[in-house]
Amino acid sequence: EEWMLKKKNVQKAASEDKSSTLLGANIAKGLNGLYVAEVYCGHHLYVQSRGCRLLHEAVQALSQLVQFRASIRASTAPFEHACVQAFKTNLELHLADDSPECSFRTRFTLARGLRISSPLQNDPVLALKDWRQL
């Protein structure tokens, strides 16, 4: 019974603290069989990895994206500037051939089942432009 009470308290604490680093990070397997890591950066901005064939690659991508989010949260700069700076300093988010390894999008829910999302953007500056417009 103690573990059930502890679990309930942890869930209650997580639901009360929306800035918890445990929330907003996940790996999903798409219909194409690829794994995609996604992290909520804050202010309705999400960053996701490219599709990964193996689960351990998606876990590595998730780790990098969580570090990216931590850089944003640790910054004292305004949110937009913190995002761009975190992108520039986290060079692990780029593949060796300079193709983007992550994409950004703005997404928010107006009502249950009614969600507005911007298109995926590889450039954080363009993604933040979409973010401002939404």
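Summary of computed values
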quantity	calculated
Exposure rank, largest accessible area first [Ile27, Ile72; 1.4 Å]	Ile27, Ile72
Segment 29-134 - percent of accessible surface contributed by carbon and sulfur, probe 1.4 Å	54 percent
Chain lengthening between Gln60 and Leu134 when straightened (0.36 nm per residue, less Cα-Cα)	23.6 nm
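The values are calculated or read from the model by the stated rules, or taken from the named source; none is laboratory data. Keep in mind that this is a model prediction, so the values were computed, not measured. Accessible surface areas use protein heavy atoms only, side chains included; no ligands, DNA or RNA. Shrake-Rupley method; radii C 1.70, N 1.55, O 1.52, S 1.80 Å.
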